[in-house]
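Peer 1: If you scroll down you'll find the structure; I have some questions about it.
Readers should treat all values here as calculations from the given coordinates under stated rules, not as data from a laboratory. Note that this is a predicted model, so its numbers are computed, not measured.
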Amino acid sequence: MKSAAFSIAAGTLLAATPVFAQDATETVEEVAVEAVEAIEPAAVEAVAEVAQPVERMLPSSTQLQLASDSEISSKKVEVGDKFTFSVVADVMENGTVAIPRGSKATGEITWKTGKAVGGKSGKFEVTFQTLSINGKDYALSGTHRQEGKGNTVAAVFATWLVSGRSAVMTEGQTVTALTAEAIPY
């Protein structure tokens, strides 16, 4: 719309130039300066309209690797406990960093079972919730299940004496999460 107005204004001024030039007191240079001054605001607006940045989006369901910021053990956690994770590597989209390495994510323990007699191991699930990028939170999806090692020998021979092992996610252990929404970058 503005570029059409610009074209009309430029055409009008060019058509009017001979009229201005016929005035003996004005030189061609003065007429040109007046024409540029009249056109300049429209030109600036047209350039500003074209120069608006295009918002790029990282698509939903993009995979990212997260590392646990602390050890998580089925011995110590309860359902509802929250833990932080860090993005392991820059997530790139079209040659641009969309999610910077080190960005923080949160996960919540949504299921847990302790170790039990008979060689049954402890287990827990972490459900990923949010990813913080430059102070703004975005939704994540995905669940990671951590299981302890069972004790099958005990299960066969001495079920009443030996239990399985607790599930432990070590600090720095990497897991996969997904973006649950498109993220601008």
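Peer 1: For region 61-184, what is the relative contact order in percent, using Cα pairs closer than 8 Å and at least 6 residues apart in sequence? Spell out each step's value before the answer.
Peer 2: Values: 341 pairs, mean separation 38.5, N = 124.
It comes to 31 percent, rounded to a whole number.
Peer 1: Checking the a/c ratio against 1.5 first, then a/b against b/c, what shape does the Cα gyration tensor give for region 61-184?
Peer 2: Prolate.
Peer 1: Moving on. Straight-line reach only, C-alpha to C-alpha below 23 angstrom: list the lysines that LYS76 could link to, leaving out same-chain residues fewer than 8 apart.
Peer 2: Straight-line reach from LYS76, under 23 Å: LYS104, LYS112, LYS115, LYS120, LYS123, LYS149.
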